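Please treat every number below as a calculation from the coordinates, not as lab data. Just so it is clear, the structure is predicted and the values come from calculations on it, not from any experiment. Positions of Cβ are generated from backbone atoms using ideal geometry, with glycine treated the same way; all protein chains shown enter the neighbour counts.
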Amino acid sequence: MIRKMSNGADEEADEFLYEDGTVRLRNSNIELMDQDILYHLALGSGSHDLVEMFGDVKFVCLGGTPKRMEQFAHYIMGEIGHKLPTGTTLQDISQFSYRYSMYKVGPVLSISHGMGLPSMGILLHEVIKLMYHAKVKDPVFLRIGTSGGIGIEPGTVVISEQTVDGLLRPYYELAVLGKIVQRPAVLDKKLMRELKALHHAEDPYETVTGKTMCTTDFYEGQGRLDGAFCDFNENEKMEYLEKIQSANVINMEMESLAFAALTHSAGIRSAVICVTIVDRLKGDQIHAPKEVLDEYQKRPQKLVSRYIKKFLQTKGRFMDSYCGSPCVKSPRRFKLVQQESENYD
Ligand SMILES: O=P(O)(O)O[C@H]1O[C@H](CO)[C@@H](O)[C@H]1O
Ligand SMILES: O=c1cc[nH]c(=O)[nH]1
């Protein structure tokens with residue numbers, strides 16, 4: 001994977017992984033600390049054996065709400081045939097942070113990120129450090145979310161090929177020590193294509209790729225007329241939405257810039273998969289009933305599940321019912337995983 005530098009030059013992202021594929025931190029301060037407290041995750045390198053707890057993680061799935069990520073954890077557990085030790089249930093590992101929720105299902109972490117760039121940014125600092133402390137090898141990060149579509153049918157799944165800010169710039173900007181730092185927001189194109197290829201012809205919705213706009217607000221920031229404040233009219237709104245549509249933006253959400261920029265800076269492959277829940281060229285309010293929205297939210301999860309299962313099957317790995325980590329392939333268990341996936345689809 002080629003990593004874009006903030007000066008525009010290309011660099012091999014593999015340099016940001018150690019030779020064995022584990023995540024290398026680009027902050028030498030961390031190595032010098034006695035312990036690193038991952039405050040918002042309620043974890044720490046001194047208080048927890050992070051290698052034992054997370055060393056087998058391969059996929060880090062992120063989405064806005066704790067409920068969605070709990071549901072995804074249960075769903076993926078069935079899909080990959082992971083069994084919890086007898087008498088145990090899925091636990092929210094970060095429960096006592098009262099900030100984010102985190103569930104672990106074998107090689108899959110399912111984490112809520114809240115709303116907006118700061119919430120995503122803080123979480124990613126800690127999850128990327130978690131990958132480093134746990135010596136996780138070559139993880140893949142996937143955001144499974146919702147978005148507002150620009151001229152596309154609600155319910156469409158969008159895999160982002162690029163993410164831009166409200167000014168159509170492909171950077172995540174942050175004020176650091178009184179200066180603006182711009183980090184290029186780059187998503188993995190190969191991963192995007194692999195995900196797109198997992199759309200099935202019989203899926204009753206489309207799966208498309210395109211440019212995603214990441215805004216710092218849901219109302220004025222996305223050109224809505226229905227916020228508590230609005231200093232523009234319908235014509236100005238439509239002019240803006242049509243302008244970004246002609247710049248190939250097909251959906252809008254609120255976290256992809258930090259997600260793309262921070263994973264890219266860490267040399268981690270990542271993708272953003274969001275279902276659209278409204279067509280912004282037709283309106284601002286979310287009218288779809290709850291059951292429809294619930295079904296829409298499952299669409300990105302379904303695609304990601306197909307990707308995870310394909311990876312585990314291709315690599316000849318499977319989730320053993322009892323050891324809880326990828327083990328040597330067992331033909332019997334492997335067949336079971338395949339059957340489960342056929343049943344679901
Ligand atoms: O559905 P999720 O993933 O939470 O994301 C989208 O929904 C929220 C707005 O309703 C924003 O956070 C936006 O990015
Ligand atoms: O319109 C929408 C819908 C979901 N999420 C957003 O950020 N915008």
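Taking the Cα atoms of the chain, report the difference between the largest and smallest coordinate on each principal axis, in whole Å and largest first.
Largest to smallest, the principal-axis extents are 60, 50, 38 Å.
Angle between the Cα long axis of helix 234-246 and the longest principal axis of the chain, 0 to 90 degrees, nearest 10?
Value to nearest ten degrees: 50.
Count charges around Phe229 for me, please; just the other residues with Cβ under 13 Å from its Cβ, Lys/Arg as +1, Asp/Glu as -1.
Result for the local shell: -3.
Longer than 23 Å from Cα to Cα, which of Lys190/Lys243; Lys211/Lys237; Lys135/Lys179; Lys135/Lys211; Lys196/Lys237; Lys67/Lys190 are they? Say none if no pair is.
Values: Lys190/Lys243 28 Å; Lys211/Lys237 19 Å; Lys135/Lys179 33 Å; Lys135/Lys211 33 Å; Lys196/Lys237 31 Å; Lys67/Lys190 30 Å.
With Cα atoms farther than 23 Å apart: Lys190/Lys243; Lys135/Lys179; Lys135/Lys211; Lys196/Lys237; Lys67/Lys190.
Taking a ≥ b ≥ c as the square roots of the Cα gyration tensor eigenvalues, with a/c under 1.5 meaning rounded and otherwise prolate when a/b beats b/c, else oblate, which class fits the range 75-218?
Oblate.
Quick one: length gained pulling Glu206 to His287 fully straight, 0.36 nm per residue minus the C-alpha distance?
Between Glu206 and His287, full extension yields an extra 27.1 nm.
Whose amide H sits under 5 Å from the amide H of Val140, counting only residues 5 or more places off or on another chain, with H placed in the peptide plane?
Residues meeting the amide H criterion: Phe59, Val60.
Excluding the sites themselves, what is the longest stretch of the chain that contains no chymotrypsin sites (Phe, Trp or Tyr not before Pro) in a DSSP loop with at most 16 other C-beta atoms within 10 Å?
With chymotrypsin sites (Phe, Trp or Tyr not before Pro) excluded where exposed in loops, the chain gives 99-204 as its longest stretch.
Taking 0.36 nm per residue of sequence separation and subtracting the Cα-Cα distance, how much length would be gained by fully extending the chain between Ser47 and Arg193, in nm to one decimal?
Stretched fully, the Ser47-Arg193 segment lengthens by 48.6 nm.
With a cut-off of 20 Å, note down the residues of the range 111-137 whose backbone N falls inside the zone around a label point 7 Å from the Cα of Thr22 toward its beta carbon.
125-137
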